[in-house]
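The values are calculated or read from the model by the stated rules, or taken from the named source; none is laboratory data. Please read all numbers here as calculations on a predicted model, not as lab measurements. Methodologically, a virtual Cβ is constructed for each residue, glycine included, from the backbone with ideal geometry; neighbour enumeration extends over all protein chains shown. To get the accessible areas, we keep the full protein, side chains included, count just its heavy atoms, and leave off ligands, DNA and RNA. Shrake-Rupley method; radii C 1.70, N 1.55, O 1.52, S 1.80 Å.
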Amino acid sequence: LGRETFLAKVVWEEDWPVVNPGVGKLEEFVELPFEPVQNEAPRLQTLKDLGPNKFDLLMLRNPKSEFYSKDNGKIRLNFLPVTLKELDSPAFLGFRQLSYHYEAALEFEFTHLPAEGEAGLVLLQSNEYHMMFRIITGDKQYGDKFILQLAKCVAGEEKLLAEEVISAEQLLTDHLSERFRIRLKMIGYGQRADFMIALGREEHILAKEVDIHEMSTEVAKGFVGNTIGVYASSCGVETDCFIHINDFSIRY
């Protein structure tokens, strides 16, 4: 039966194991000789405690370089040319999704983005099935502005679900160094999710009740489940750009 797993009572008789003595078959319910365990309190996954013993942190495949580091108390994430669609190792730091109900928040800073680059929050099932809540640089028609996008990749085909133009002034935190800050949030509930950005002291919803059922094992196949993470790609171009992650946390 492959990976089928069962619990059963076992006793030893003349050095031989006897399963479910007196019953002779596996039972649907088994009474265990342990004290009941209370439900766990809501859990938190975070990069704030990043260190050599951070065993719940995930990267994709085998990284070819040190693409992240601690930098003055913040996490520096370098842009890599690899994208999420490739069977390669992109600049991605994430955690396994532990529940259908969660709130993932990301805050990062940057001085400039690669011309073709993208960075943001990701719900990832595989290289062919994922959601990207990202910021990119606007082209010449937008002038000194950025574009916030929500995109869904299904069976390797990317579809843009929502986008909004954001002025550089809205994200600017330091005029002297021209440092920009962006705060993104994804709230998941069942097979739907809300996506929002914080501008100043207010949260602004880019897309609400977005259908994310394609990220399920039933549609995307496989058996590893989803991960939620932060991602930065220069989309095929070598660059020295990076982002500083102030906070990346998932609450359940």
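Around residue 234, what is the net charge, scoring Lys/Arg as +1 and Asp/Glu as -1 over all other residues with Cβ under 12 Å from its Cβ? Net charge around residue 234: -4. For residue 9, the residues whose amide H sits under 5 Å from its own are 20, ignoring neighbours fewer than 5 places away on the same chain, with H placed 1.01 Å from N.
Calculated mean residue ellipticity, 222 nm, the chain: -500 deg cm²/dmol, from DSSP H runs (n ≥ 4) at -39500 (n - 2.57) each, averaged per residue and rounded to 500. Considering only alpha-carbon pairs that sit under 8 angstrom and 6 or more positions apart, the relative contact order computed for the stretch 189-236 is 26 percent.
Protection proxy ranking of 215-226, 240-251, by the mean of other Cβ atoms within 10 Å over each peptide's residues and highest first, is 240-251, 215-226. The phi-based Karplus calculation (6.51 cos²θ - 1.76 cosθ + 1.60; θ = phi - 60°) puts the 3J(HN,Hα) values of the stretch 229-237 at x, 10, 9, 9, 9, 8, 6, x, 10 Hz, whole numbers, x for Gly and Pro. The alpha carbon gyration tensor of the stretch 136-209 gives principal lengths a ≥ b ≥ c with a/c of 1.5 or higher and a/b no greater than b/c, which makes the shape oblate.
3J(HN,Hα) along the stretch 242-247, derived from phi through the Karplus expression 6.51 cos²θ - 1.76 cosθ + 1.60 where θ = phi - 60°, amounts to 7, 10, 9, 8, 7, 7 Hz, with x in place of Gly and Pro. Take residue 34: with every protein chain present and a 1.4 Å probe, its accessible area is about 150 Å². Of the solvent-accessible surface of the chain, computed with a 1.4 Å probe over protein heavy atoms with every protein chain present, carbon and sulfur atoms account for 50 percent.
Overall dimensions of the stretch 30-146, expressed as equivalent-ellipsoid semi-axes from the Cα gyration tensor (√(5λ), whole Å, largest first), are 34, 17, 16. Applying D = kT/(6 pi eta Rh) to the stretch 84-200, where Rh is the Kirkwood radius over alpha-carbon pairs, T corresponds to 37 °C and eta to 0.692 mPa s, the Stokes-Einstein value obtained is 215 µm²/s.
List the relative contact order of the chain as a percent without decimals, with contacts defined as Cα pairs under 8 Å and 6+ residues apart. Relative contact order of the chain: 27 percent. Lysine pair count for the stretch 94-252 with Cα-Cα distance under 19 Å and sequence separation of 8 or more or different chains is 5. Diffusion of the chain by Stokes-Einstein, at 10 °C in a medium of 1.306 mPa s and with Rh set to the Kirkwood radius over alpha-carbon pairs, works out to 78 µm²/s.
Amide H to amide H distances under 5 Å link residue 212 with 192, 193, where only residues 5 or more positions off or on other chains count and H is placed in the peptide plane.
Estimated at the nearest 10 Å², the accessible area of residue 192 is 100 Å² with a 1.4 Å probe. Protein-only accessible surface at a 1.4 angstrom probe places the residues 74, 9 in the order 9, 74, largest first.
Contact order, relative form, for the stretch 102-237: 30 percent (alpha carbon pairs under 8 Å, 6 or more residues apart, mean separation divided by residue count).
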